[in-house]
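A short worksheet on the structure shown next.
The values are calculated or read from the model by the stated rules, or taken from the named source; none is laboratory data. These figures come from a predicted structure and were not determined experimentally. Cβ sites come from the backbone with ideal geometry, for glycine too, and all protein chains shown count toward neighbours. These area figures cover heavy atoms from the full protein model, side chains too; ligands, DNA and RNA do not enter into them. Shrake-Rupley method; radii C 1.70, N 1.55, O 1.52, S 1.80 Å.
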Amino acid sequence: MIQYDYTMPLSSVNLNWMKETPDQYLFFDIETTGLSAGNSMCWLIGTLVLQDDSLILTQYFADSPSDEKELMEQFLGTLSATSCLVHFNGTCFDIPFLQERAALLECDAQLAAKLTDCDSIDIFKMIKSYDSLLHLTNYKQKTIESFLDFPRTDKLDGKKLIALYKSYVHSKDTDSERLLLLHNSD
């Protein structure tokens, strides 16, 4: 498993609402090889936390499928320092997927329980509740980003990412790795 850490100054982002309790919030997103935790794996978990006057992006990357348990344990270990998870549709997908994978991989159950013990802010649910005002064609993350004029460098969808990850596992191509990580950090 490879862990990448990036530090970004807060100067361009208004997160003053977090400054009083910065360790309370952990933003996260996962990438998987499919929709079913029973026969798919989690190959990337990205987290974002506020620390001092910077945002710290950490990406836990399973360089090979055998790294998934280590990836899960590293991520679950970070949950003890937070009381609120922030995610996009994590209530319906990310959290249940991670819980099932943690159980299948026999990760520490107490750490995995933190996934549901924490408060949770689901950005998807919050934005969808404004449907009568927004009238978007759908509430996919890329649609919302486009509506907010939030440009992305990454152009890959989930299906293409899965194929790219499977190819990467065999080739260890650095360009593929860069594209895989870009999707979760863009």
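Some values worked out for this structure:
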quantity: Evaluation of Phe147 against (1) open to solvent by 80 Å² or more (accessible area, probe 1.4 Å); (2) in contact with a Phe, Trp or Tyr (Cβ under 8 Å, 6 or more places away or on another chain) (one fails), failing number; calculated: (2)
quantity: Test: Leu48 is farther than 17 Å from Gly158 by Cα, open to solvent by less than 40 Å² (accessible area, probe 1.4 Å) and either in a helix (DSSP H, G or I) or not β-branched (Val, Ile, Thr) (or both); calculated: no
quantity: Region 71-92: number of residues that are closer than 21 Å to Leu182 by Cα and open to solvent by 50 Å² or more (accessible area, probe 1.4 Å); calculated: 1
quantity: Among (1) closer than 24 Å to Tyr165 by Cβ; (2) part of a helix (DSSP H, G or I); (3) of a type in the set (A, V, I, L, M, F, W, C), the one test that Leu57 misses; calculated: (2)
quantity: Yes/no for Leu55 being open to solvent by less than 50 Å² (accessible area, probe 1.4 Å), free of Cβ contacts under 8 Å to residues at least 60 places away in the same chain and either of a type in the set (Ser, Thr, Tyr) or over 15 Å from Asn184 (Cβ atoms) (or both); calculated: no
quantity: Residue in region 94-131 that is least open to solvent (accessible area, probe 1.4 Å), counting only those that are closer than 23 Å to Asp67 by Cβ and in a loop (DSSP other than H, G, I, E, B); calculated: Cys107
